[in-house]
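The values are calculated or read from the model by the stated rules, or taken from the named source; none is laboratory data. Note that the structure is a prediction, hence the values are computed from the model and not measured. With ideal geometry, Cβ positions are generated from the backbone for all residues, glycine too; neighbour counts draw on all protein chains shown.
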Amino acid sequence: MIPQTMYDPARDCFTSSSPPKPQAQSPSKNSRKRRLPGTNRDSEEEEIGNVPSRSPSPHRPLKRPNIRKERALDPLPAESSHGEPAAKKPCVGVDVVKKHYNDRREIGRSARKYSPIIKLRAFNNWIKSCLIQKFTPYTSDHPLVVLDMGCGKGGDLLKWDKARINIYVGVDVADVSVSQARNRYRDMKRVGFEASFYVLDCFRRSLRDVLPRDHPPFDIVSMQFCMHYAFESERQARTLLENVTRGLRLGGKFIGTIPNSEIIESHLKEGELKWGNQFYRVEFEKPLPNGCFRPPFGHRYSFFLQDAVEDVPEYVVPFGAFRSLAEEYNLELLYRKPFMDIFQEEKQDRELGYLLDRMGVVDQDGRRGIQGDERECAAFYLAFAFEKRGVRLQAL
Ligand SMILES: C[S@@+](CC[C@H](N)C(=O)[O-])C[C@H]1O[C@@H](n2cnc3c(N)ncnc32)[C@H](O)[C@@H]1O
């Protein structure tokens, strides 16, 4: 048997070892063909979620990663790279956010049907499905591994199942939400991926604090409706990006959804500190200090979304600054699109257009889309995707 080299993150070097017996073969190219929307029993807005020990879907045997072949996660320093020690003191901002999401009841799919923002919820779920489908590879020579940062109650589990991933890791600062996400996964029927869940403040702590040392790198890191909590300070934004880039494999994607800073800026430039409608409200305490988001951190506003978010502090993510900062972490921008542009581009797509119909994102005449106040609220957001670039480590 020929000894093989493998990266040992504990010692930060490559070591020789005899290859272990393979547990499973790599998935064949065809095995990762995407499922057509609508072929799954559950509808997108009825997502439910699960636990590592359960057996995977019978129609798609789970391929365990051959960890020996993977570069393990880049080690994270105990201190963040910008020289400040990882924070230990509880932070008021994160406590408010954590409490808010922990206190929100999991209302279940039938009650969700009566939500006053049912169309908006469905639309946002559709946007996330578009993003996931766009940036999850159709085929892969290795098991697909996904990190859902700020996974909440596991609202995207079914979307990831449809994208035919193999391993899912969900992390969130809100412990109650994490256990609800775990239960959701446990209750999922015929799920095709293995999942694990961790409680973690992704803006103040390292992923290494919770993940097994030899965890395979991620193909996708997803951050849906969460990153605007990180831009409270440079340190938090950097810790988050360090977690993303160290977790991703080369060529891996970082995808997400955030409020569009251009829209916020245009309101503030009109002298409006407060705006919204019956469904949502944005409220700043003071005008921009220099008429712009410079420095780009700490621009706080209070956000209200009916039936979802009750006046929780959020922070503007000035997109230009976010992009420049991401570049420092070898993350190169691939895609930035406001939600309504995504809708215009994808609404006639054979699969995604059909998904809009199935998810009920149609008016009373059956035309696809959302209208009025819900539309204004959806237009507040944009979606992004970055790719991890860099030099591939060669085994010695
Ligand atoms: C609006 S919810 C979105 C949940 C989920 N991503 C979705 O799209 O349904 C925002 C989530 O971000 C989480 N979050 C906020 N700050 C966080 C932090 N510092 N670390 C990890 N998760 C955080 C919250 O607990 C909450 O679950």
Out of all the residues in the stretch 160-176, which are within 15 Å of the chain's Cα centre (by Cα) and either at positive phi or outside any loop (DSSP other than H, G, I, E, B) (or both)? Trp160, Asp161, Ile167, Tyr168, Val169, Gly170, Val171, Asp172
Considering the stretch 162-174 alone, what residues qualify as being under 19 Å from Lys253 (Cβ atoms) and either within 15 Å of the ligand (Cβ to nearest atom) or of a type in the set (Gly, Ala, Ser) (or both)? Ala163, Tyr168, Val169, Gly170, Val171
Can you confirm whether the stretch 232-244 contains a residue that is within 22 Å of Cys130 (Cα to Cα), in contact with a helix residue (DSSP H, G or I) (Cβ under 6 Å, 6 or more places away or on another chain) and charged (D, E, K, R)? no
Which of the residues spanning the stretch 175-229 are free of Cβ contacts under 8 Å to residues at least 24 places away in the same chain and away from the ligand (no atom under 14 Å from the Cβ)? Pro212
Does any residue in the stretch 146-162 that is within 12 Å of Tyr198 (Cα to Cα) come within less than 8 Å, Cβ to Cβ, of a residue that is near the ligand (Cβ under 6 Å from one of its atoms) and at pLDDT below 95 six or more places away or on a different chain, and which pairs are these? Gly152/Tyr101
Condition first: not in a helix (DSSP H, G or I) and not aromatic (Phe, Trp, Tyr). Can you find one or more residues in the stretch 233-246 that meet it? yes
Which of the helices (runs of 4 or more DSSP H) contained wholly in the stretch 280-376 include at least 1 residues that are within 22 Å of the chain's Cα centre (by Cα) and either free of Cβ contacts under 8 Å to residues at least 60 places away in the same chain or within 16 Å of the ligand (Cβ to nearest atom) (or both)? 319-328, 339-346
